[in-house]
Amino acid sequence: MTGLTRVPAAIRIAVVLVLFGALPPLLGRTLPDLLTAPRAQTLSYGAAFAAAALALNLLMGYAGQISLGHFALVGVGAFATGLTASPLRLGLPFLLAVPIAAAAGALVAFVLGLPALRLRGMYLAIATIAFSFAMVESVFRISGLTGGSGGIDIPRPWFGDFELLQEHDYLAVALLLLAGLWLIDRNVTRTRLGRAFQAIRADEDMAQAYGIDIVRYKLLAFVLSGAFAGVAGAMYGALFLGANAENFELRFSLLLVIVVVVGGLGSRGGVVTAALMFAVLPRLLSAIRGWELIVGGALLMYTVARHPGGFPEAIAEAREKKAIKERERSGEPEPALPTLPDMPRPSGLAERPREAAGRPLLSVRDVSVAFGGLQAVDGASLDVPRGKIVGLIGPNGAGKTTLFNAVSGLVKPQSGTVELLGRDVTNLAPHARAAAGMGRTFQLIGLAKDLSVTENLLLAQHSVAGYTAPEALAWTGRTPKVERELRERASEAVHALGFERYAHTPVKFLSHGQQRIVELGCVLVTAPELVMLDEPSAGMSPGAAENLAVRLADVRDALGRTVLLIEHNIPLVLDLCDDLYVLDAGRVIASGPAREVAALPEVVGAYLGETVLV
Amino acid sequence: MTPLTLGVVYGAIYGLIAVGIVLIYRGTKVVSFAQGEIGTFSLYLAWLLTTERGLPWWVGASAAILGATAIGVGFEFFVVRRMVHANRLSIAVATIGLASLLAAVELKLWGVTPRHLRAPVGGIGVKVGSVYVTPTQIISLVVLAGLGIGLALLLRGTDFGLGITAAADDPTAVRLVGVRLSHVSMFTWGAGAALASIAALLLEPTITVFAPDYAGRLFVAGMVAALVGGLSSLQGAFAGGIVVGVIEAYVRQRTLTSDVPGLTTVAMFALILVVLLVRPRGLLGKAAA
């Protein structure tokens, strides 16, 4: 794999094109009995179905947005191909019809994606089913547009006088298109596009904290998926020389869901393999015809119940567990207590303004947040000066995390302002605040748990990856260079953390304390001005918490960062913090130098109780 | 008058489908996409006994309801029970597997030929406005009302019923009042499937034939009805069914001469979007999920 990636992309693509282009005629000549016309047609059908499966996999497997009506988008592509390529309609060349089909699919998917910004899970599932019915029963039957119940004629691709009526020739085109989608899909997953999708799937709050604009990336996932589906539609339409509404009924969409889930959500190879098996095998072997849905339905239930990640992930997990066991058995010592990455600013990071002299780096003024009737934060103000560690303590339910969320933008305060580096960020979305220099952790750990340590470190660098979506899709422009840099930084960070042996281990297999360290590494890897930590020592052993305190002091002293910290571990707070704010029932009841504040009688009464300090 | 009558008649059918969806949603926070196919499958059981063997309607109907219950309980035992910690949406995806499996088995065993089931009561029924309301349709309304009241009493008035409602939100509390979660779960899926079968039995005479996959559209209307009513409210399912039925009947009447076919499905899609975006908790639902 690594050897292959060293070959320039253009050469690799050329080799694949030649292979795929040469293979069918080659097979046709040497194995004419095996690759009969009906079989070639079946394989083309498999390729089209695999393309549709890639489309759904992009949306559901990467971005975690469910669609139960995806074949309606395939239909959009097929009808768009007919409207543009059919001699009775516009009569444009097939090579032009394919991008138009992709654009049509993308456009309709974009419109479908708009409500999806507000709808999640079950509701989105229902809405997409209703979408499928509306398209199949109504839009696809408008006679002026789609030829009504008779459907629309779609020509085979032609080049000059040569129309690809031979099934072998068409198979070559279908495989080429599928290979093209595969390469684009691969560029999605090896750039920040795919990582942003996966972050959204894992946890939207976390995604935003790493600077990912979830509205933009959700819509992008719909648009890309729609474009893929549109191409699949063109492949279908040209294969069967036409299309009508019934070809895109709900049951095909549901079969696609089966294929994508059984093949493994997010696994490109698994999904294409499953699609080919479900589409091709029953047509080649008449004995199993009609059984595919019975087996498929059963496999779907088995998969979601036992291996929600599909078979590829189940295999990978088994391998990982075995490796962990072997490590334990061999008695290898656990890695030494980790350090935190001290790395130069990423090259993609624009120089940030500095706050004016004497002004705090973060300034929160009179912020109030209410949930229904509950006043969670009530006129809280705090200042965090550059280069200091400021602690925020208070009893459970005092509103500490809510105030954190108001600062990082996840909740909108009813009143008050938040200033970062002298700039009013009160109305900025969370991802924009992250890009402006805020990094934060979460009580329940803000990592994509299914991804490896390295992958998490890559995804954390979202906002410093300075290339555009088209550049990423084509793997051109700045993309290869930037990605190489990101990977270098990620691997430096892995070394700094002392997590080499876990570099490719999914985060969910790490202990809670280890996950905490990885999360800290993810936050620090983009050199944020302000590091906000929500109970970093929660769930850590006393030894690990002590180590954490040393590391956090390093963050301030060695890395020169500024820290705002929520913490219940009072000795750690007193050890570490320069200033302290005490929150009770949403109000700041005391503030000042840490040791002075902790000694105030009202603080002892409200929060510390009878605990004897110092 | 006519669209209103037709709307109420169809609305009762949609309401019946919705009641099953609501019951399962209340107990598990899962929308079951298999309700339509469980209903259809159970119709084949009734058809085997009545049309094919000449047994009385009630025998076939009982077999259908029992068969559906068995499917629901089996699904709970073999799939849902193994997914205690899974995301709710994964269970919904599993119901798609069940639906596909059932549809494929129907196709394998009985083919695509549409089948016909005798109505429970003969006769052309009562004329309301310019349409006849058949005895079965009247029964549907009565059954819907009866089921609604009965289920409401069960859910509100008994520990077990409260357990169903609380199971998805607060399993610990359910265990503490001495109700076994596994019983609640099994009951929810079994009863949900039985309701799907009852709905299918009562709506088949109105549609007159059935075949694999045929319930898809009706099921979507039922799902919209449940959603309009708020997904977790039984009265909402009833009200939602009527709303959906009437809207559909009016749209159909208004667009009979339109060049664009199937506008009722577009209306359903629009209705879903409006409800979900403007009032996600529906007409009578409690809180947005």
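The table below lists the values:
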item	result
Helices (runs of 4 or more DSSP H) wholly inside the stretch A:115-189 that include at least 1 residues being within 14 Å of another protein chain (Cβ to nearest Cβ) and touching a helix residue (DSSP H, G or I) at 6+ places or on another chain (Cβ under 7 Å)	A:121-137, A:143-146
Close pairs (6 angstrom Cβ cut-off, 6 or more residues apart or separate chains): under 15 Å from A:Leu520 (Cβ atoms) in the stretch A:492-507, part of a loop (DSSP other than H, G, I, E, B) and small (Gly, Ala, Ser) anywhere	A:Val494/A:Ala503; A:Gly498/A:Ala336
Lone qualifier among A:Glu313, A:Glu246 - being surrounded by fewer than 18 Cβ atoms within 10 Å (Cβ to Cβ), away from chain B (no Cβ under 11 Å), in contact (Cβ under 8 Å) with a residue 24 or more places away in the chain and assigned to a helix (DSSP H, G or I)	A:Glu246
Output for the stretch B:225-242, where each listed residue is touching a Lys or Arg at 6+ places or on another chain (Cβ under 7 Å) and without any contact (Cβ under 8 Å) to a residue 60 or more places away in the chain	B:Gly230
Helices (runs of 4 or more DSSP H) enclosed by the stretch A:249-310 - at least 2 residues per element that are more than 8 Å from every other protein chain (Cβ to nearest Cβ), in contact (Cβ under 8 Å) with a residue 24 or more places away in the chain and closer than 21 Å to A:Ala202 by Cβ	A:250-263, A:268-284
Set B:Ile139, B:Ile96, B:Ile198, B:Ile91: member being under 20 Å from the mean Cα position of the chain (by Cα) and farther than 22 Å from B:Tyr44 by Cβ	B:Ile91
Residue list for the stretch A:68-124, filter: of a type in the set (Ser, Thr, Tyr) and over 30 Å from B:Gly230 (Cβ atoms)	A:Thr81, A:Thr84, A:Ser86
Matching entry among A:Val108, A:Val98 (being assigned to a helix (DSSP H, G or I) and modelled with pLDDT of 95 or more)	A:Val108
Residue that is farthest from A:Ala102 (Cα to Cα), among those in the stretch A:35-74 that are more than 14 Å from every other protein chain (Cβ to nearest Cβ), surrounded by 24 or more Cβ atoms within 10 Å (Cβ to Cβ) and aromatic (Phe, Trp, Tyr)	A:Tyr62
Residue match in the stretch A:485-492 (condition: over 30 Å from A:Leu181 (Cβ atoms), of a type in the set (Lys, Arg) and touching a Pro at 6+ places or on another chain (Cβ under 9 Å))	yes
Residue that is modelled with the highest pLDDT [pool: residues in the stretch B:100-132 that are in contact with a strand residue (DSSP E or B) (Cβ under 8 Å, 6 or more places away or on another chain) and aliphatic (A, V, I, L, M)]	B:Leu117
Residue check, B:Thr208 buried (at least 18 other Cβ atoms within 10 Å of the Cβ), within 23 Å of B:Gly241 (Cα to Cα) and of a type in the set (Ser, Thr, Tyr)	no
Some residue of the stretch A:206-220 being of a type outside the set (D, E, K, R), within 14 Å of chain B (Cβ to nearest Cβ) and assigned to a helix (DSSP H, G or I)	no
Subset of the stretch A:155-197 (residues that are within 19 Å of A:Ala51 (Cβ to Cβ), over 36 Å from the mean Cα position of the chain (by Cα) and of a type in the set (A, V, I, L, M))	A:Leu164
A:Leu241 vs. criteria on the phi > 0 side of the Ramachandran plot and surrounded by fewer than 21 Cβ atoms within 10 Å (Cβ to Cβ)	yes
Any hit, the stretch A:583-597, residues being in a helix (DSSP H, G or I), small (Gly, Ala, Ser) and touching a strand residue (DSSP E or B) at 6+ places or on another chain (Cβ under 7 Å)	yes
Within the stretch B:213-241, considering residues that are buried (at least 24 other Cβ atoms within 10 Å of the Cβ) and of a type outside the set (A, V, I, L, M), the one farthest from B:Arg281 (Cα to Cα)	B:Phe219
Top-ranked residue of the stretch B:88-117 - restricted to ones that are facing chain A (nearest Cβ under 10 Å), touching a residue at least 24 places away in the same chain (Cβ under 8 Å) and of a type in the set (Val, Ile, Thr), ranked as surrounded by the fewest Cβ atoms within 10 Å (Cβ to Cβ)	B:Val105
Selection within the stretch B:201-221 - assigned to a loop (DSSP other than H, G, I, E, B) and of a type outside the set (D, E, K, R)	B:Thr208, B:Val209, B:Ala211, B:Pro212, B:Tyr214, B:Ala215
Residue, nearest to B:Val30 (Cα to Cα), within the stretch B:124-147, restricted to residues that are in contact with a Gly (Cβ under 8 Å, 6 or more places away or on another chain) and surrounded by fewer than 19 Cβ atoms within 10 Å (Cβ to Cβ)	B:Ile138
Pair list, Cβ < 7 Å and 6+ apart or interchain, from the stretch A:432-451 residues that are polar (S, T, N, Q) to residues that are modelled with pLDDT under 95 and not in a strand (DSSP E or B)	A:Thr441/A:Glu519; A:Thr441/A:Leu520; A:Thr441/A:Val523; A:Thr441/A:Pro536; A:Gln443/A:Thr401; A:Gln443/A:Glu535; A:Gln443/A:Ala538
Selection within the stretch B:16-62 - of a type in the set (Gly, Ala, Ser) and either under 30 Å from A:Arg120 (Cβ atoms) or within 18 Å of the chain's Cα centre (by Cα) (or both)	B:Ala18, B:Gly20, B:Gly27, B:Ser32, B:Ala34, B:Gly36, B:Gly39, B:Ser42, B:Ala46, B:Ala61, B:Ser62
Residues of the stretch B:211-226 classified as at positive phi and away from chain A (no Cβ under 11 Å), total	0
From the options A:Glu596, A:Glu500, residue that is in contact with a helix residue (DSSP H, G or I) (Cβ under 8 Å, 6 or more places away or on another chain) and exposed (fewer than 14 other Cβ atoms within 10 Å of the Cβ)	A:Glu500
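Here is a yes/no grid of residues against (1) under 30 Å from A:Asp203 (Cα atoms); (2) crowded, with 23+ Cβ neighbours inside 10 Å; (3) within 13 Å of chain A (Cβ to nearest Cβ):
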residue	(1), (2), (3)
B:Gly11	no, yes, no
B:Lys29	yes, no, yes
B:Ser42	no, yes, no
B:Trp47	no, no, no
B:Gly54	no, no, no
B:Ser62	no, no, no
B:Phe77	no, no, yes
B:Ala86	yes, no, yes
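The values are calculated or read from the model by the stated rules, or taken from the named source; none is laboratory data. The shown structure was predicted, so the numbers you read here are calculated from the model rather than taken from an experiment. Glycine gets a Cβ as well: all are built from the backbone with ideal geometry, and neighbour counts include every protein chain shown.
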